[in-house]
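The values are calculated or read from the model by the stated rules, or taken from the named source; none is laboratory data. Quick caveat, the model's predicted, so the values are computed rather than measured. Positions of Cβ are backbone-derived with ideal geometry, glycine not excepted, and every protein chain shown enters the neighbour counts.
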């Protein structure tokens, strides 16, 4: 399959009509028309086989996840997704693989009104880089830098599921999950759900926000550093799914919730006076969130058990070059 045939296959599966795409795939660059008065939000993420997804992952899931992790970044900024570009590296031109990958990406793109407007293909180790673009009204973007002492710390959804799926998969030497709970965890790993609606709902309500990609502790630390504060997390307040509890011992499940990564939930802070309004807005968006701690003046992120004793996690999160 020639390079331009690959591009044609991706293009055929990734069309989403948007009036603001003046020129899409097929030229040297795309022409896009942002809405009047809106600010542009841009992010990019690279996924490599064996690092960000197991090499045996089905191509539909690879395509989905490559876009999902970028939409999660836009969600953390309170941005509405609009456009994406895909750079794809392949060891060989495999038509069936590329078509399935494009189908997975296109399925998520359609859910969020995202148009794929360009990119690149090249020979090399399997990897994908997606650049996603969104829009936000001036002054309404969520950032990492607004948390204040006394704010509540919340997270959407549940934590640790994707990391647990990877642990179980590795322990089973690539054997497919056998229980319903394990299959549900694997779904969280392969098909993360970007919390776009939650990010939009939190505009004007959250004081700071980040998406959880490397692990709760590591990513919350980024918020604290940017805001010049610290945070205290209650171990027993961590939201754990029934599937996670059924699949791993509680202590291991909590460790993965703290530092496992790949959750792509939102971690955000809210002033006490705005907590009820934020919870109402989130419920209206169809996404639940739970208070897991509070922002404090002293720097650093600390975890406490039910008796108020400090816990010392063995790791804070994933580090690429550790």
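Please tell me if residue 111 is surrounded by fewer than 24 Cβ atoms within 10 Å (Cβ to Cβ) and modelled with pLDDT of 90 or more.
Judged against the criteria, residue 111 is a match.
Inspect all residues belonging to region 220-231 and state whether any of them is crowded, with 20+ Cβ neighbours inside 10 Å, in contact with a helix residue (DSSP H, G or I) (Cβ under 9 Å, 6 or more places away or on another chain), in a loop (DSSP other than H, G, I, E, B) and touching a residue at least 24 places away in the same chain (Cβ under 8 Å).
Yes, that holds for at least one residue.
Among the residues of region 211-226, write down those that are farther than 21 Å from residue 51 by Cβ and in contact with a strand residue (DSSP E or B) (Cβ under 6 Å, 6 or more places away or on another chain).
Restricting attention to region 211-226, the residues satisfying the condition of being farther than 21 Å from residue 51 by Cβ are 220-221, 223-226.
Residues satisfying the conditions are 220, 221, 223, 224.
Taking the residues in region 108-124 that are in a loop (DSSP other than H, G, I, E, B) and in contact with a strand residue (DSSP E or B) (Cβ under 6 Å, 6 or more places away or on another chain) as candidates, determine which candidate is nearest to residue 194 (Cα to Cα).
The extreme case among them is 112.
Within region 91-105, identify whether any single residue is assigned to a strand (DSSP E or B) and more than 14 Å from the chain's Cα centre (by Cα), and answer yes or no. Spell out how you get there, then give the answer.
Going through region 91-105, the residues assigned to a strand (DSSP E or B) turn out to be none.
No - not one qualifying residue is present in region 91-105.
Just a yes or no: is a residue in region 139-161 assigned to a helix (DSSP H, G or I), under 28 Å from residue 209 (Cβ atoms) and in the same structural domain as residue 244 (by TED's automatic domain parsing)? Break it down stepwise before answering.
Just the residues of region 139-161 that are assigned to a helix (DSSP H, G or I), to begin with: 161.
Those still in the list that are under 28 Å from residue 209 (Cβ atoms) too: 161.
Restricting the remaining residues to those that are in the same structural domain as residue 244 (by TED's automatic domain parsing) gives 161.
For region 139-161, residues assigned to a helix (DSSP H, G or I), under 28 Å from residue 209 (Cβ atoms) and in the same structural domain as residue 244 (by TED's automatic domain parsing): present.
For region 24-48, name all the residues that are over 25 Å from the mean Cα position of the chain (by Cα), assigned to a strand (DSSP E or B) and farther than 14 Å from residue 119 by Cβ.
Within region 24-48, 31 is the sole residue that qualifies.
Residue by residue through region 119-148, note down the ones that are under 24 Å from residue 24 (Cβ atoms) and buried (at least 22 other Cβ atoms within 10 Å of the Cβ).
Residues satisfying the conditions are 128, 130, 132, 133, 134.
Taking region 267-295 only, how many residues are touching a strand residue (DSSP E or B) at 6+ places or on another chain (Cβ under 6 Å) and over 21 Å from residue 149 (Cβ atoms)?
2
Residues to consider are 26, 63; find the one that is within 30 Å of residue 143 (Cα to Cα), in contact (Cβ under 8 Å) with a residue 12 or more places away in the chain and not assigned by TED's automatic domain parsing to the domain that holds residue 261. It would help to see each step written out before you state the result.
Numbers: 26 fails: within 30 Å of residue 143 (Cα to Cα).
Going through 26, 63 in turn, just one is within 30 Å of residue 143 (Cα to Cα), in contact (Cβ under 8 Å) with a residue 12 or more places away in the chain and not assigned by TED's automatic domain parsing to the domain that holds residue 261: 63.
Test of understanding: among 73, 103, which residue is surrounded by fewer than 20 Cβ atoms within 10 Å (Cβ to Cβ) and closer than 17 Å to residue 192 by Cα?
Details: 73 fails: surrounded by fewer than 20 Cβ atoms within 10 Å (Cβ to Cβ).
Being surrounded by fewer than 20 Cβ atoms within 10 Å (Cβ to Cβ) and closer than 17 Å to residue 192 by Cα holds for just one of 73, 103, which is 103.
Would you confirm whether any residue within region 172-191 is assigned to a loop (DSSP other than H, G, I, E, B) and either touching a strand residue (DSSP E or B) at 6+ places or on another chain (Cβ under 6 Å) or surrounded by 22 or more Cβ atoms within 10 Å (Cβ to Cβ) (or both)?
Step one: list which residues in region 172-191 are assigned to a loop (DSSP other than H, G, I, E, B), which gives 172-179, 191.
Among the residues that remain, those that are also either touching a strand residue (DSSP E or B) at 6+ places or on another chain (Cβ under 6 Å) or surrounded by 22 or more Cβ atoms within 10 Å (Cβ to Cβ) (or both) are: none.
No.
Could we say that residue 203 is within 19 Å of the chain's Cα centre (by Cα) and part of a loop (DSSP other than H, G, I, E, B) here? So that I can check it myself, show each step before the final result.
Values: within 19 Å of the chain's Cα centre (by Cα): yes; part of a loop (DSSP other than H, G, I, E, B): yes.
Here the answer is yes, as residue 203 does meet what is asked.
Please state which one of 263, 243 is at pLDDT 95 or above, more than 25 Å from residue 76 (Cα to Cα), surrounded by 14 or more Cβ atoms within 10 Å (Cβ to Cβ) and out of contact with any strand residue (DSSP E or B) (no Cβ under 6 Å at 6 or more places or on another chain).
Numbers: 263 fails: more than 25 Å from residue 76 (Cα to Cα).
Only one candidate passes the filter, namely 243.
How many residues does region 49-65 hold that are surrounded by 15 or more Cβ atoms within 10 Å (Cβ to Cβ) and either assigned to a strand (DSSP E or B) or out of contact with any helix residue (DSSP H, G or I) (no Cβ under 8 Å at 6 or more places or on another chain) (or both)?
2
Farther than 25 Å from residue 163 by Cα, in a loop (DSSP other than H, G, I, E, B), out of contact with any helix residue (DSSP H, G or I) (no Cβ under 9 Å at 6 or more places or on another chain) and free of Cβ contacts under 8 Å to residues at least 12 places away in the same chain: is that true of residue 279 in this structure? Please lay out each step first, then the result.
Numbers: farther than 25 Å from residue 163 by Cα: yes; in a loop (DSSP other than H, G, I, E, B): no; out of contact with any helix residue (DSSP H, G or I) (no Cβ under 9 Å at 6 or more places or on another chain): yes; free of Cβ contacts under 8 Å to residues at least 12 places away in the same chain: yes.
No; evaluated as a whole, the condition is false for this residue.
From 30, 2, 56, 49, which residue is farther than 15 Å from residue 126 by Cβ and at pLDDT 75 or above? Let's see the steps before the verdict.
Details: 2 fails: at pLDDT 75 or above; 56 fails: farther than 15 Å from residue 126 by Cβ; 49 fails: farther than 15 Å from residue 126 by Cβ.
Going through 30, 2, 56, 49 in turn, just one is farther than 15 Å from residue 126 by Cβ and at pLDDT 75 or above: 30.
Being out of contact with any helix residue (DSSP H, G or I) (no Cβ under 8 Å at 6 or more places or on another chain), surrounded by 14 or more Cβ atoms within 10 Å (Cβ to Cβ) and either touching a residue at least 24 places away in the same chain (Cβ under 8 Å) or not assigned by TED's automatic domain parsing to the domain that holds residue 208 (or both) is the requirement here; does residue 94 meet it? Steps first, please.
Numbers: out of contact with any helix residue (DSSP H, G or I) (no Cβ under 8 Å at 6 or more places or on another chain): yes; surrounded by 14 or more Cβ atoms within 10 Å (Cβ to Cβ): yes; either touching a residue at least 24 places away in the same chain (Cβ under 8 Å) or not assigned by TED's automatic domain parsing to the domain that holds residue 208 (or both): yes.
In short, yes.
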